[in-house]
1. With each label point set 7 Å from Cα along the Cα-Cβ vector, what nm distance links B:T15 and B:D38?
2. Could you order the peptides B:24-31, A:85-92 from most to least packed, using the average number of other C-beta atoms within 10 Å per residue?
3. Which whole-Hz couplings ³J(HN,Hα) result when phi for each residue of segment A:5-19 is put into the Karplus expression 6.51 cos²θ - 1.76 cosθ + 1.60, θ = phi - 60°, listed in order with x for Gly and Pro?
4. If you take every DSSP beta bridge fully contained in the protein assembly as shown, what fraction is antiparallel? Give it as a percent rounded to 5.
5. B:K94: which lysines have alpha carbons under 20 Å from its alpha carbon, excluding same-chain residues fewer than 8 sequence positions away?
6. List the relative contact order of chain B as a percent without decimals, with contacts defined as Cα pairs under 8 Å and 6+ residues apart.
7. Over all alpha-carbon pairs in the protein assembly as shown, figure out the percentage whose distance exceeds 22 Å.
8. When you count, for each residue, the other Cβ atoms within 10 Å and take the mean per peptide, how do B:101-108, B:11-18, B:83-90, B:59-66 rank with the highest first?
Amino acid sequence: SQQGEEDPQALSIQEGENATMNCSYKTSINNLQWYRQNSGRGLVHLILIRSNEREKHSGRLRVTLDTSKKSSSLLITASRAADTASYFCATESAGGTSYGKLTFGQGTILTVHP
Amino acid sequence: NAGVTQTPKFRVLKTGQSMTLLCAQDMNHEYMYWYRQDPGMGLRLIHYSVGEGTTAKGEVPDGYNVSRLKKQNFLLGLESAAPSQTSVYFCASKKGSKPQHFGDGTRLSIL
């Protein structure tokens, strides 16, 4: 079963606007990660936030985590056409034997129009 | 470094045929994973390995077998391919608490 549910499924914006994607999950986690996938390519890691962190920044990316609501959001500021891709959240379950296994959401397709 | 390399990139099989997908990583990573990606469903874990000579089942292991005889290679086998196994297959590897690195995928169609 899919741990993460992402919202919206698709997002279309103009260059320069901000894009916000949300992810919800069901069980306790060690960390939550966001990945990007360009069409026809593999996933590229963007950012990781641990369960004891509430917010993290990396360049134009801002990730928040609310463990009480079991939800996370990814904000991309000042979007560019090159940000067009699918974005996935993935959770690593809590516990010492997770072995780094990830459970992925179904993804958000972001289209940024020039 | 090449990172994670998947072979082949594309393949068409007939129902009942067998094949092996190869994943190779040159980063000396301990952990390796095989996922499948279907439309609208994100990635689902098939099998994984925490080190040379060890494998374990993931979320959707039925119909697949794996082997990790060498640390750098993780093989995914389909003994008798079924149309339900038409998918894009991704391999990933990681070291310690670092994030996973993904290959570019193998697109498999089973007729």
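1. In this crude label model, B:T15 to B:D38 measures out at 1.6 nm.
2. The peptides rank, most packed first, as A:85-92, B:24-31.
3. Here the 3J(HN,Hα) series is 10, 10, 8, x, 6, 9, 9, 10, 9, 9, 3, x, 7, 8, 10 Hz.
4. 90
5. Counting by Cα, and skipping residues close in sequence, B:K94 has these lysines nearby: A:K101, B:K57, B:K70, B:K71.
6. Numbers: 290 pairs, mean separation 39.3, N = 111.
It comes to 35 percent, rounded to a whole number.
7. For the protein assembly as shown, the fraction of Cα-Cα distances above 22 Å is 51 percent.
8. The peptides rank, most packed first, as B:101-108, B:83-90, B:59-66, B:11-18.
Laboratory data are not the source of any read-out in this text; all were calculated from the coordinates shown. Only a predicted model underlies this, so the values are computations on that prediction, with no experimental measurement involved. Neighbour counts are summed over all protein chains in view; Cβ atoms, including those assigned to glycine, are modelled from backbone coordinates with ideal geometry.
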